Amino acid sequence: MTTPSRHMHCRNYAPIDAVKGICHMTKEIVHADDDACPSFVRLPRCAECKLYAAGADDYVGVCSATSNRPMTYPDLVAVTCEWFEWRSA
Amino acid sequence: MPRKLTDILAQADARLEYQAMGAPPAEPTPREVIGKPSPRAERLRNLYYSALSSASSEFPYWYTRAYGGLDNEIPVVRRALALESAFRHLTPTIFPGELLVVGKTHHYRGSFPMPWLSEGYYMAAENQLYQDALARGSASADEVSTFGTGGGNVTKSFGSVVSIAGKFGIRKEEVPAMLRVAHAWEGRSVDDVGHKYEQMTPGYEIKEALMKSVTCMFDSGYTLPQGREVVNYDYPLQFGFDELISRTEQKKAEVAGRADGDGLTGMNRLYNYEAASHVLRGIQAWVENYAREARRLEAAEREPVQRAEYTRIAECLEWVAHRPPRTFYEALQLTWIVHVAVLNEDVISGLSPGRLGQVLWPWYEQDIAAGRLDEGKALELLECLRIKYTCLDCFASMGVVGGVLSGNTFNNLSIGGLDRSGRPANNRLEELIIEAAMTCASTQPTLTLLYDDKLPESFLLKAAECIKTGTGYPAVVNNRTAIEFLLGQYGPEGMDLEEARAIAIGGCLETSPCSWMPLTLNGRSYWIPGGSGQPTSVGVHFLSLPKILELVLFDGVDQRTKLRVFPGHGRALGSFEELFDQVKAYFAKAVEVLSLANNIQHDVWRKNNTAVLNSLLKPDCLETGHLINELGYRYNATHNVETCGTINLVNSLAALKSLVYDRRLITLAELRKALADNFGFRTADEVGSFSLSSQEKRGETTEYDRTHVECLTAPKYGNDNPYVDDILKQWEDWFCATCRDYESLNAQPYYACQISVSTHAPMGAVTIATPDGRLAGTTFADASMSAYPGTDRHGPYALFASATCWDHAQSQNSQLNLKIHPSAIQGRAGTKKLLELTRAYMRKGGFHIQYNVVDSRILKDAQEHPEQYRDLLVRVAGFTQYWVEIGKPIQDEIIARTEYEGVQE
């Protein structure tokens, strides 16, 4: 799955709030939805995970890491998830 | 041109005095003392100023996912496993320049809903869950509460951000998942299960009507079930997490399979220790995740100073995730971690750090002596701590966060007081805490000075100097009166004088039971104070006294909604005594039905959603194996009855007594008509102002002018007038005694609590005109002992005499706000004057006083040009808040408060 390279999906992005964050590389405040810079580092999140499957509704999917296949959502940050596996290298 | 109230009063040669004891200088006067933080704290504070209150689904998602897979597990263990999973999965974020780290969520100013408590209030208005909440009255206060539209409040959706619960912004991509998680709790939340059972209580229909008419503001069991209490950091500081986990494991082995003489709850101890162990492991993992994040940033950082700071953060977290702190920095960081962990366990406002300067004194003292720390570094850390506290948000309903809290979270840090043996407990670290509050002014933590005549003059003057910065803190609380209250309330549970001296304030102004905890550091022994009681300000919250009077005058029918709240009393109200008696009768009925319903809600909470971590921290849960739900806390008599609008009630009763019964200038029927017709005025909503003086007459009618002037000029509280003060005393004596007739779910008596917080705005908004001349929809007098704006004409000492006509030790608190012009207390002499003024009130037995040191003209300008006042702080009622984040009804009330231009007798 190809995801847009937005600041909020970068590992260097520290979210101040729902619209902006600080870039750890530049220490500048950047807008969450703006296109990321060449230093972009993909942030682990459900949308990037091999175990994630999109659902019928927007922004809601399924996690197949456990047998009950619970609901999840693509933007759930997965840096602490024990089951996370990159969808692609 | 519509006639204003001032015109009508002028025609009768009367007026309201919004300035007392002189006139202000010709030009607006800024505050005399203005502090400046360290560059680091200033950067972090500026980041706060730019941050929006942001909600996240991460914690509720992982909690709900784990909980759902644990059918038939023991409830307390099931909840603990859900909490463990949520803590383990929180995304750690560290911001450049931070020295103290860890937050509620990955946002700088983040929070999240807890649908296992209540799930309807943050739905869109058309959502069925929200409509259900409205139907049962639990969302009625939301409809009449407001937020300030500035600062970090997200009151409207924009771009990719959706506004929820009136204040919080959430990414639109997260909304569908948030809704799915909320719906997973439908019919299972504390709110829903509690509602099922509360309907079985006698008089439930009255309870629901009280909520719908906003005679009562909210149910505490599913909104803010914990808080208004003092946290206890002792065990993590003394033992560290590894040792605490080890102790819970050891305890499991000791109690497994044993009732030990307690056939009801003895066996539960095993599950409680198991739960505690899981939550502790989750918190440990959470801290370790932050440590890993610090190492990741350290590895990537090219700037050496920032890299070294990441190293220091990582080393600190790696240590305190397992072991007790060795240094002041580690101890401070650990107390913050524990604080946030407790806040993430439940929806909590008013989780107070207590006497933090005395808790941290052992590390501070030893670090200073060893040369590991200097005062400059300590001050910078304390400033950083202020930013972390200020970033805290409480995610609850509009009615609770807007109508009650005004967006504040009430983390109250107490200073001063006495030690175990009755000597002054102040120390140098507390002076630095005051200094940090001056240099880095912010809302949190607010400060309370536990005033005692034994405290050194230099310490008291330092506190007075801080008050002059205009931040509203420290509030001043009478240590001796508080101790007297504690001994009366908790003596039956074993509290003695030595223990009562550990007192600290929980929440904005809740006198809270605390205990002395032993602590050893490098072979030296100390006693540190910490909380040992259940949450306070839970139970009946808040009861609007002017609304009760309205219901008496109109035979039980709410005039805004036309809803019958109480059965008609059918009394002629032919004498003042009969009228006053009916006020008491309706009030007592309200407390009866509300206490029964709230007991059920809190019982459902403690059965299904009990406090595991907070319990573990409080004596004597770790020792006994019983959590809060099994009365494991040392002190459990903490439920109370909280009121709002005391002074409007008292002034109204005085007006009724004078005009209707004593002087017979008007009949009760005529007065009812005038009140129902708002004395011929437009509504406050129509006028767009919520202060009395701005109200405008409807058309040219003069029908009620004479009556209205008589009502406004009838005797008023705050002028040392026995005609009114005797009514206040009668009310207080009866109210404080009556609360004790009701029993909490802990089989303990309720008691009186008298703070308005922000409820005087929404409760004023739903109340028609009152016999004291106040008009419909305008805000009540704040607090419980503050005069109604413009009616205290004889100076502060007359106000003090009125306020202390009753015994404040009979109540958990009372509250008095005074607005003083900066020019009245200028210079060193002014500081001493302020202290003398405060001391005079304390010596008369007043429980609490706090000050707004501000020129009202600056507030008016800030209302017109909010963009120029992002950092302006004001004192509301028990808390300090950014002007721009307060709703207009409260802003109007603060502007209207009587401004004292001098403080001499």
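Values for this structure:
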{"item": "Candidate lysines - alpha carbon under 17 Å from B:Lys607, same-chain residues fewer than 8 apart omitted", "result": "B:Lys196"}
{"item": "Rounded, prolate or oblate (a/c below 1.5 giving rounded, otherwise prolate when a/b exceeds b/c) for segment B:484-526 by Cα gyration tensor", "result": "oblate"}
{"item": "Whole-number percent relative contact order across chain B, with pairs defined as alpha carbons under 8 Å at least 6 apart", "result": "18 percent"}
{"item": "Calculated FRET value between B:Phe158 and B:Lys832, using beta carbons and R₀ = 51 Å, to 0.05", "result": "0.50"}
{"item": "Under the span-like rule (Cα at least 18 Å along the axis, Kyte-Doolittle mean at least 0.0), DSSP H helices of chain B", "result": "B:75-89, B:328-345"}
{"item": "Computed accessible area, B:Ser694, all protein chains, 1.4 angstrom probe, square angstrom", "result": "30 Å²"}
{"item": "Among A:Ala65, A:Ala36, A:Ala78, residue whose mean-square fluctuation peaks in a GNM of chain A (springs only between Cα atoms under 10 Å)", "result": "A:Ala65"}
{"item": "Binned Cα-Cα distance frequencies in segment B:575-675 - 5 Å width, integer %", "result": "2, 10, 14, 15, 11, 9, 8, 7, 7, 6, 6, 4, 1, 0"}
{"item": "Given B:Lys833/B:Lys860; B:Lys207/B:Lys819; A:Lys27/B:Lys388; B:Lys377/B:Lys468; A:Lys20/B:Lys104, the pairs whose alpha carbons are separated by over 29 Å", "result": "B:Lys207/B:Lys819"}
{"item": "Rough spin-label spacing in nm, given labels placed 7 Å along Cα→Cβ, for B:Glu498 and B:Thr311", "result": "4.7 nm"}
{"item": "Spatial extent of segment B:617-718: Rg and Dmax, with the Cα atoms as the point set, Å", "result": "23.6, 73"}
{"item": "Once the Cα gyration tensor of segment A:1-43 is diagonalised, semi-axes √(5λ) in Å", "result": "15, 11, 8"}
{"item": "Calculated FRET value between A:Arg69 and B:Gln131, using beta carbons and R₀ = 25 Å, to 0.05", "result": "0.20"}
{"item": "Residue-level accessible surface for B:Glu42, protein heavy atoms, 1.4 Å, Å²", "result": "60 Å²"}
{"item": "Accessible surface, 1.4 Å probe, highest first, among residues B:Glu126, B:Glu457", "result": "B:Glu126, B:Glu457"}
{"item": "Alpha-carbon centroids, segment A:9-70 and segment B:663-710: separation in whole Å", "result": "58 Å"}
{"item": "Rounded to 5, percent antiparallel among DSSP beta bridges of the protein assembly as shown", "result": "55 percent"}
{"item": "Kirkwood hydrodynamic radius (C-alpha pairs) into Stokes-Einstein, the protein assembly as shown, 10 °C and 1.306 mPa s, D in µm²/s", "result": "55 µm²/s"}
{"item": "C-alpha center-to-center spacing [segment B:252-299, segment B:803-819] in angstrom", "result": "42 Å"}
{"item": "Mean ellipticity per residue at 222 nm, deg cm²/dmol - from DSSP H runs of n ≥ 4 across chain B, formula -39500 (n - 2.57)", "result": "-13500 deg cm²/dmol"}
{"item": "In Å, descending, principal axis extents of the Cα set of chain B", "result": "77, 62, 58"}
{"item": "Accessible area expressed per residue, segment B:541-668, with surrounding protein chains retained (probe 1.4 Å, Å²)", "result": "26 Å²"}
{"item": "Extension gain from B:Glu577 to B:Arg706, taking 0.36 nm per residue of separation minus the Cα-Cα distance", "result": "43.9 nm"}
{"item": "Accessible heavy-atom area order of B:Thr6, A:Thr72, highest first, probe of 1.4 Å", "result": "B:Thr6, A:Thr72"}
{"item": "Cα centroid separation - segment B:398-427 against segment B:346-378, whole Å", "result": "16 Å"}
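The values are calculated or read from the model by the stated rules, or taken from the named source; none is laboratory data. Because the structure is a prediction, the values reported are computed rather than measured. Methodologically, a virtual Cβ is constructed for each residue, glycine included, from the backbone with ideal geometry; neighbour enumeration extends over all protein chains shown. In case anyone asks, the SASA skips ligands and DNA or RNA and just uses the protein heavy atoms, side chains included. Shrake-Rupley method; radii C 1.70, N 1.55, O 1.52, S 1.80 Å.
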